[in-house]
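Below: one structure, written as structure tokens.
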Amino acid sequence: MHNIYEQGYSVFDIVGTIHKVLMTMEEEMNKDKLFEILKYVAELKKRVMEGLTTEIQLGQFIAKIASLQ
């Protein structure tokens, strides 16, 4: 994620792309996990819209996804 961020992509663009990819994986993923991840995406989008467009926000998002079992 750090490399993507360093290439100049905005956090909002990264989050939007993640959201689109997740929606295409709807048939292949467990619905409960997909719903949880989409909740995290929505939370991250809210923070980005509030102006928190730092790499730390992306790191927290990845950590939350990684903690799902």
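Structure above, values below:
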| quantity | calculated |
| --- | --- |
| Which label in [x] 1.02; [y] 0.96; [z] 1.05 gives the computed Rg/Rh (Cα atoms, Kirkwood Rh) | [y] |
| Helix 55-67 axis, angle to the chain major axis (alpha carbon atoms, nearest 10°) | 20 degrees |
| Additional length obtainable on full extension of the chain from residue 46 to residue 10, 0.36 nm per residue less Cα span | 11.5 nm |
| Mean Cβ count within 10 Å, highest first, over the residues of peptides 24-33, 45-54 | 45-54, 24-33 |
| Lys, Arg +1 and Asp, Glu -1 on Cβ, resulting dipole of the chain about Cα centre, debye, nearest 20 | 180 debye |
| By average C-beta atoms within 10 angstrom, highest first, the peptides 56-65, 6-15 | 56-65, 6-15 |
| Rounded percent of accessible protein surface that carbon and sulfur make up, the chain, 1.4 Å probe | 57 percent |
| Contact order relative to length of the chain, as percent, for alpha carbon pairs under 8 angstrom and 6 or more apart | 43 percent |
| Nearest-ten-degree value, helix 11-24 long axis tilted from longest Cα axis of the chain | 20 degrees |
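The values are calculated or read from the model by the stated rules, or taken from the named source; none is laboratory data. Predicted model only: the values in this text are computed from it and were never measured. A quick note on method: Cβ atoms are made from the backbone with ideal geometry, for glycine too, and the neighbour counts reach across all protein chains shown. Each accessible area value is taken on the protein alone, full model and side chains, heavy atoms only, with ligands, DNA and RNA left out. Shrake-Rupley method; radii C 1.70, N 1.55, O 1.52, S 1.80 Å.
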